[in-house]
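One structure is given here, and the rest of the page talks about it.
Read-outs: derived from the displayed coordinates by stated rules, not from any lab. Because the structure is a prediction, the values reported are computed rather than measured. We place every Cβ from the backbone using ideal geometry, glycine too, and count neighbours over all the protein chains shown.
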Ligand SMILES: [Zn+2]
Ligand SMILES: [Zn+2]
């Protein structure tokens, strides 16, 4: 099996219009989509953004009958501690091949909102990674920690400033990620679109030095044109740190694939 994109969205996500068909034309042997679950979502006027699981499952079954490509089910869980009981009750009884764990918001604002620019970066970082640690400790069913830099995407910090503010939080965070056997995602939106490659250049060896072995690549595509965005670049980057395999998940079960 070759590696395949494990972070992308279709019209089952609140912020996306893309169809399955456009991705299917580009997929190797299987396709997985990871739709947004963000309750009380500030990006949607605090509406609950959640995929209609029955409609999602039905569309996948219909497509699988017409195509030879296997379509897996995925979800991107936007974690807020106070929402966890409601998130857990949404997940109960539903089958997902892969579950992504993300911290997009804090119940008041999304970390991509302009308000972030008015905050003290050191306090923002302390707050963001405290929430991410709580997410990792709480959300037991997840497989992949996504875009670790989401909370600082709006800032323009040097890697040195980021390290000095974030490292006291990242060490316990990465230890928890390793203990919970979550994979660490290289996110193409972060890496390319938001120019945070240097933050990954700092964080990947830190995670490795603590014993981290599991990595995934995700385009975070919201349109088929971004399917497997920057995968060659991110693969080469990981190989530079001695990484030779990537993690894939089917029915939540880990399978390593050579790069
Ligand atoms: Zn996300
Ligand atoms: Zn996403």
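Stretched out fully, how many nm does the piece from residue 245 to residue 65 gain, at 0.36 nm a residue minus the Cα gap?
Working: separation 180, 0.36 × 180 = 64.80 nm, distance 3.16 nm.
Net length gain for the segment: 61.6 nm.
In square nanometres and to one decimal, what's the mean projected area of the convex hull around the Cα atoms of the chain?
12.6
Annotation: extensible slack from residue 256 through residue 180 equals 25.7 nm (criterion: 0.36 nm per residue apart, minus Cα-Cα distance). Residues within the reach of a label modelled at residue 57 (point 7 angstrom out along Cα to beta-carbon, backbone nitrogen below 14 Å), restricted to the range 79-102, are 90-97.
When only alpha carbons are used to place a centre, the range 5-61 and the range 62-97 end up 9 Å from one another. When peptides 174-182, 240-248 are sorted by average Cβ neighbour count within 10 Å, with the highest value leading, the order is 174-182, 240-248. Once the C-beta distance of residue 86 and residue 197 is scaled by a Förster radius of 25 Å, the resulting FRET efficiency is 0.10 to the nearest 0.05.
Inter-label distance, residue 15 to residue 233: 2.0 nm, where each label sits 7 Å from its Cα along the C-beta direction.
A Förster distance of 22 Å, applied to the separation of the beta-carbon atoms of residue 210 and residue 2, puts the FRET efficiency at 0.15.
Once both labels are positioned 7 Å from their Cα atoms along Cα-to-Cβ, the gap between residue 161 and residue 127 label points is 1.8 nm.
For the range 158-187 versus the range 199-215, the spacing of their alpha-carbon centroids is 8 Å.
Which whole-number percent gives the relative contact order of the range 20-258, counting Cα pairs below 8 Å spaced six or more residues apart?
Relative contact order of the range 20-258: 16 percent.
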